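Please read the structure below before turning to the comments.
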Amino acid sequence: MRRPTAALVALALLVVAATVGLTTFLRRGDAAPAVTVQRAHKGAAAPSFSGRITFLVVGSDSGAPKFGRGGVAERGRADSLHLVVLDASRRQGVVLGFPRDSYVPIPGHGTNKINAAMAFGGPPLLIRTFEQLTGIKIDYFALTSFDGLTDLVNKVGGVQVNVDMRIRDHFAGAFLDKGPQRLSGERALAYSRARKTVPGGDIARSRHQAQILLGGLGTFQAQVVKDPARVMKWLAVMNDEVQSDLPFGEQLHLALFARSVSPGRLNNVVVPNQPGTAGSASIVRLLPGAYSLFARVRAGQLA
Amino acid sequence: MLAAALLLTACTSGKKAGAPATSAAGQATGTASAPLKVQVEAAAQGPEWGFDAKVAAKRATPDMERFLSRYLTVAFLDPGQQRTGWRELLALFDVPVQQAARRDLDALSLGTAAAQVKAVQPGPAKAAVTFLYQGSRPVGATVKLAFDGAADVEQGSGPVRLRSVLQLLWTAKGWRIASYQSQTGASA
């Protein structure tokens with residue numbers, strides 16, 4: 001991968017959301033990149049920026065020294081998993097949240113929790129797993145960590161989120177009142193991690209992660225509407241924080257693409273599922289409704 | 001839109017149009033004109049450390065001035081460009097947006113009104129530019145562009161007005177427009 005190039009605003013936002021569990025450091029000196037953004041399939045042609053683009057946004061549980069998480073994000077477990085489908089021509093989109101314990105076929109590895117795919121074979125295997133599961137072609141992959149999320153959110157001045165429940169979760173360090181508020185990086189991370197004491201557990205957490213993502217997108221759009229030159233300011237921040245092998249032109253087009261769909265036109269859905277067990281392990285099984293949902297998205301029904 | 005604005009202005013102003021002594025047209029009409037001077041106010045964004053925004057903005061300004069001058073010249077000062085299908089204008093757009101730009105010519109240039117315009121006398125042209133640097137070179141820029149002029153038509157003359165926000169990308173061929181929000185005519 002080349003040196004860190006300018007970041008995609010859009011992806012930054014996505015990443016932010018994804019961040020649920022990802023970490024990263026500021027990209028400086030020997031530090032690892034806060035966020036990685038790349039094409040899902042190397043050598044593939046760039047997608048049309050006037051049509052539909054799909055992102056797989058992943059938060060890793062590794063590579064976050066600030067939070068005591070060692071290792072490399074790309075080889076960690078993917079704890080935050082969202083497929084983001086944006087259709088610029090229809091100005092609408094959908095964010096599909098996948099519980100990390102979703103029990104699904106992983107190519108070459110039988111059936112296992114979906115978050116194990118990245119540990120088994122890095123981002124390429126995770127991408128293949130998602131494409132096989134959903135039948136939806138992925139264009140871009142964004143990976144971040146706990147550190148990456150917090151740094152990114154702080155650098156853009158926080159994200160506006162409508163917190164949908166009162167949360168007091170010591171495990172995630174989340175102490176939030178219900179209602180709209182601007183979250184700092186640390187509070188955004190806590191909101192996206194809270195699970196154990198939150199009604200709905202994993203499902204609520206996945207929804208909250210997507211809210212952070214949409215909050216980032218909304219913050220970006222609001223700033224750019226007020227001052228179009230903010231696009232360059234966001235890209236400059238991203239340049240410091242994101243590692244990408246995308247040419248700058250593609251990054252700019254992606255950032256501009258991120259203006260095309262307002263968060264209010266993005267459907268935030270956690271795929272239908274049901275808790276269960278496989279042997280002694282707690283898992284989540286996707287229900288038939290999940291596959292119907294995938295089919296609708298493939299057919300372009302994003303609302 | 002511009003056509004309507006021009007015709008309306010021409011009619012209400014009641015001024016008699018006279019053939020301009022010198023056309024501001026460029027290559028397409030085969031007449032020469034002095035380059036349009038665009039007044040640029042520049043700023044720059046770049047790496048958090050070791051980046052001198054003032055120096056960077058100053059260094060990137062001349063190229064941008066030339067690009068914007070070229071854009072305004074082919075879009076507004078040379079009505080003959082219409083006969084070529086605005087080829088030179090569209091070449092200033094990045095490939096992915098050329099098709100959209102072709103549809104939006106009325107908001108980006110004289111557009112369909114060009115057929116009625118004999119010449120355009122340029123007025124003030126101002127641009128507020130924010131460059132984005134990667135390493136030691138600019139790779140992108142946001143431009144808020146304002147241009148005013150006067151168009152000579154058969155019935156008289158009328159104002160030409162452009163207000164636009166352009167997102168630019170530096171390519172092997174120089175600056176190219178990657179995105180735009182643009183308005184022409186009286187309401188711009």
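Each value in this text was obtained by applying a stated rule to the coordinates, not by laboratory testing. Note that the structure is predicted; figures quoted are calculated from it, not measured. Positions of Cβ are backbone-derived with ideal geometry, glycine not excepted, and every protein chain shown enters the neighbour counts.
Would you mind giving the mean number of other chain beta-carbons within 10 Å of the Cβ of each residue in B:47-53, as a whole number?
What the average comes to for B:47-53 is 2.
Label-point separation (nm) for B:Ala53 and A:Leu287, each offset 7 Å from Cα along Cα-to-Cβ?
5.2 nm
For the pair B:Gln121/A:Ala222, report the inter-label distance in nm, with labels modelled 7 Å from Cα in the Cβ direction.
4.8 nm
What is the mean number of Cβ atoms from other protein chains located within 10 Å of the Cβ atom of each residue in peptide B:135-145, rounded to a whole number?
So the per-residue partner count for this stretch is 4.
Diagonalise the Cα gyration tensor of the range A:130-269 and give the resulting equivalent ellipsoid semi-axes, square root of 5 times each eigenvalue, largest first, whole Å.
Over the Cα atoms of the range A:130-269, the semi-axes work out to 26, 19, 15 Å.
What FRET efficiency do you get for B:Arg66 and A:Ser89 if R0 is 45 Å and r is their Cβ-Cβ distance, rounded to the nearest 0.05?
Between B:Arg66 and A:Ser89 the formula returns 0.85.
Could you size up the charge dipole of the range A:92-228 around its Cα centre, putting +1 on the beta carbon of Lys and Arg and -1 on that of Asp and Glu, and report it in debye to the nearest 20?
300 debye
Where does each of B:148-157, A:284-293 land if you order them by average Cβ count within 10 Å, highest first?
B:148-157, A:284-293
Among A:215-228, A:146-159, how do they line up from the highest to the lowest mean number of other beta-carbon atoms within 10 Å?
A:146-159, A:215-228
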